[in-house]
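Read-outs: derived from the displayed coordinates by stated rules, not from any lab. All figures in this text were calculated on a predicted structure; none of them were measured in a lab. Because the Cβ atoms are built from the backbone with ideal geometry, glycine has one as well, and the counts that use them run over all protein chains shown.
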Amino acid sequence: MRDTRPLILLIDDEVNMRQVIRVALEGNGYRYLEACTGEEGQLLAVLHRPDAILLDLGLPDMDGLDLLSNLREWSRMPVIVISARGKEMDKVGALDVGADDYLAKPFGTSELLARLRVALRHPGPESRESPLFELDHWRVDLAQRKVLVDGREVHLSPLEYGLFSTLIRHAGSVVTHRQILKEVWGDATGEQIVNLRLYMAQLRHKLEKEPSRPQHLRTEPGVGYRLWTGE
């Protein structure tokens, strides 16, 4: 019989913290996975698709915010940040990157369990999606940030990749100029639209078979762009 208990992934390098949280979760009906590095945590997230992630920011191999940003490129699974960084700017920064909640260490397990129950009641719409996106002659691994065209890896600049991954997240839907500018540049001013057009042209040149007649990276005149999937 399939185990339907929620699966929680803890990514934290503190041994004592992992022990305390494991006891609390398993004692309250949750399945449990743990990782002590960002790389291991990302791998477990891809392989097991947990129902929620508890993420420490001070990881030995990377900043937890970088890992969170990477996760948000392919998934909306609930993420609760648990960190010794308790300043307001740290909390705001984590929430801006995509955290669903923030708990400053030290905290009680009762509070953690309450926050977790809330997060699990409101899972994101893409929480069970695969990090792999395939369309026609494209294959994109959003977890590894790799883009293949006809089996050949194509190098995209950070802004080109940011633009492409944003369109992938909204595949099939129109994404407005303002929305793209905010998600990729963090700036929605009109003067950036010229830059957006330039990067879209570069993206089409690298990814489309006929850049002047794009099959998938389509312009919606006066509105924005759409990644056309044929659906």
Paramagnetic label zone (point 7 Å from Cα along Cα-to-C-beta, residue 49; backbone N under 16 Å) in region 131-149:
131-134, 142-143
Going by Cα centres, region 34-58 and region 213-230 are how many Å apart?
34 Å
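Given Cα pairs under 8 Å that are at least 6 residues apart, what percent is the relative contact order of region 86-221?
12 percent
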Two-site FRET efficiency, residue 63 against residue 87, from Cβ-Cβ distance with R₀ of 22 Å, rounded to 0.05:
0.90
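Below 8 Å between Cα atoms, with a sequence gap of 6+, how large is the relative contact order for region 7-121 in percent?
Relative contact order, region 7-121: 24 percent.
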How big is the charge dipole of region 7-121 about its Cα centre, in debye rounded to the nearest 20, if each Lys and Arg gets +1 on its Cβ and each Asp and Glu gets -1 on its Cβ?
500 debye
Quick one: of the DSSP bridges fully inside the chain, what percent are antiparallel, nearest 5?
55 percent
Which lysines, on any chain, are close to residue 209 with Cα under 28 Å apart, when same-chain ones fewer than 8 places away are left out?
146
Protection-proxy order for peptides 16-22, 84-90, each taking the mean of Cβ atoms within 10 Å per residue, highest first:
16-22, 84-90
Note on the chain: contact order normalised by length, alpha-carbon pairs under 8 Å, 6 or more apart, percent, works out to 13 percent
For residue 96 paired with residue 139, estimate the spin-label separation in nm (one decimal), with each label point 7 Å from Cα along the Cα-to-Cβ line.
3.7 nm
Please list, short to long, the whole-number percent of alpha-carbon pairs of the chain in consecutive 10 angstrom bins beginning at zero.
7, 30, 30, 20, 10, 2
Size of electric dipole in the chain: Cβ of Lys, Arg +1 and of Asp, Glu -1, about Cα centre, debye, nearest 20
600 debye
Rounded if a/c under 1.5, otherwise prolate or oblate - region 7-121, Cα gyration tensor axes:
rounded
I'd like the projected area of region 132-227, averaged over all directions, using the convex hull of its alpha carbons. Report it in nm² with one decimal.
5.7 nm²
Go ahead and set up a Gaussian network model of the chain, Cα springs under 10 Å, then flag whichever of 173, 110, 130 fluctuates most.
110
Between residue 197 and residue 104, the FRET efficiency computed from the C-beta separation at R0 = 41 Å comes out, to the nearest 0.05, as 0.45
